Amino acid sequence: MWASKRRLREERDDLRAQLDRMRERAETAERNVETEQFARNTMARQFAEADAANRRLHGRNVRLTEQLERAHEAAQDGALDEMGHRLDRALRACARYRAEGAEDRAAVMNAHQQLKEKDAELARARVFGRANLLRRLDLAERARRSLAEQLATVQAANDAMCRERISIAGTLTVPAADAEKPDEVAW
C-alpha cells in the first residue's frame, strides 16, 4: 500500500511537472502569436506608409518632369536670356532702393539726434528759468516743432517710397513658362 501511494505520488508529481511544461509552452506560444501579430501590423503599416510615399514621389516626379520640359522649351525660345536681363535690372533696382533707404534712415537718425539735443536744451532752460533762457526756450521749442515736422515729413516720404518700391517689386512677375528649374536655387 505504501508503495502504491508512493508510486501514485510520483506519478502525480510527474503529471504536474508535465502540466507545468505544457503551460509554459502554451504561454510561450501565446507570446509568439502576439509578437507575430504585432510584427504583421507593423509591417502592414510600414508598407502602407511606403506605398503612400511612393505615390507622392511619383506625382512629384511627374510635376518636375513637366517643369523641366517647360524650361527646355523656354530655353529654346530665348526666354531665359530675357529673364536673366530682367533679374539683373531687378537686382540693380533693389541695390538702389537699399541705398536710398540707408540715406533716409541716416536723415531720420540725424533729425532724431537734433530733436534730442533741442529737448535737452529745453530742459536746461526750464531748470534755470531766466528771461533770456525763456526766449531761448521759445526758440528751441519752435526748432523742436520744426524738426518734429521735418521728421514726420521724412518718415511719411520714406513710407511712401517703401510702398512704391514694394508696388514696383510686386509687378516684377515671372511668366508661367519661366518657372524655376528643380535644380536651381530659389531667389
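The values are calculated or read from the model by the stated rules, or taken from the named source; none is laboratory data. No experiment lies behind these values; they were computed from the predicted model shown. Positions of Cβ are backbone-derived with ideal geometry, glycine not excepted, and every protein chain shown enters the neighbour counts.
Okay, residues lined up against (1) of a type in the set (D, E, K, R); (2) surrounded by 10 or more Cβ atoms within 10 Å (Cβ to Cβ); (3) touching a residue at least 24 places away in the same chain (Cβ under 8 Å); (4) within 30 Å of SER167 (Cβ to Cβ):
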site	(1), (2), (3), (4)
ARG6	yes, yes, no, no
ARG9	yes, yes, no, no
ASP14	yes, yes, no, no
GLN18	no, yes, no, no
MET22	no, yes, no, no
GLU49	yes, yes, no, no
ASP88	yes, yes, no, yes
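Every residue in region 1-57 that is within 38 Å of the chain's Cα centre (by Cα) and small (Gly, Ala, Ser), please.
Of everything in region 1-57, those that are within 38 Å of the chain's Cα centre (by Cα) and small (Gly, Ala, Ser) turn out to be ALA39, ALA44, ALA48, ALA50, ALA52, ALA53.
Determine whether region 111-134 contains at least one residue that is at pLDDT 80 or above, in the same structural domain as GLU164 (by TED's automatic domain parsing) and loosely packed, with under 11 Cβ neighbours inside 10 Å.
no
What pairs can you find where one residue is in region 146-160 and not assigned by TED's automatic domain parsing to the domain that holds ASP104 and surrounded by 15 or more Cβ atoms within 10 Å (Cβ to Cβ), the other is of a type in the set (Asp, Glu) and in a helix (DSSP H, G or I), and their Cβ atoms are less than 7 Å apart, with a gap of 6+ or different chains?
Sorted first by the residue in region 146-160, then by its partner, the list stays empty.
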